[in-house]
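Just below is one structure, and these are the notes that go with it.
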Amino acid sequence: MIEKGTYLAKAWSQVQFGKNANNKPFVRVKFEIKDRGSILWDGFLTDEAAEKTLEALENCGWNGKKLDSKLEGMGSKQVELVVDHEEHDGKTYARVKWVNRPGGNVKNEFTGGDFAHLQNRLAGVLAKRVQKREMEQPARESEPEPDFDSDLDEPHF
């Protein structure tokens, strides 16, 4: 079973559409997590969940233009899967909780001069931190230079 955590993964290009026992439509996507194996994710296509499911499919590379059995571009992008564990009938299963773009989903990314404004605003804070680190570091001249023994590949002081 895949441990709880966040993993880089890629979706397989083939998906399946179906309905669960409660007649709710979903899309099933198989993801491959390097060195961990594969895991299935069911994204529901109900009125309440469709927006998030379609966003997740787009995160996987789907072009978002046509909803059919061959989602064009699906699996062309790497995603971050948030895997959690849940229990059913006394058994624990790994479950994909979220399908995100790598690095997370920033809702309000910087635009225009936002980054330059932030750099200017924090310049003094950064300078103080650099100065503090330099004062806390012992002077390099006081450290003895290592003497490498030709018979050994490790330094001797």
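Scanning the range 67-75 for any residue that is exposed (fewer than 10 other Cβ atoms within 10 Å of the Cβ) and at pLDDT below 85 turns up at least one such residue. Scanning the range 39-53 for residues that are closer than 18 Å to V82 by Cβ and either part of a loop (DSSP other than H, G, I, E, B) or in contact (Cβ under 8 Å) with a residue 12 or more places away in the chain (or both) yields I39, L40, W41, D42, G43, F44, A49, T53. Comparison of V96, V83 shows that the only residue that is surrounded by 13 or more Cβ atoms within 10 Å (Cβ to Cβ), in contact with a Phe, Trp or Tyr (Cβ under 6 Å, 6 or more places away or on another chain), aliphatic (A, V, I, L, M) and not in a loop (DSSP other than H, G, I, E, B) is V96.
Here is a yes/no grid of residues against (1) under 16 Å from W98 (Cβ atoms); (2) at pLDDT 95 or above:
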| residue | (1), (2) |
| --- | --- |
| K24 | no, yes |
| G37 | no, no |
| D42 | yes, yes |
| T53 | yes, yes |
| C60 | yes, yes |
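Of all residues in the range 18-37, those satisfying the criterion of being exposed (fewer than 13 other Cβ atoms within 10 Å of the Cβ) and more than 16 Å from the chain's Cα centre (by Cα) are G18, K19, N20, A21, N22, N23, G37.
The values are calculated or read from the model by the stated rules, or taken from the named source; none is laboratory data. What you see is a predicted model; the values in this text were computed from it and never measured. FYI the Cβ positions are ideal-geometry reconstructions off the backbone, even for glycines, and counts take in every protein chain you see.
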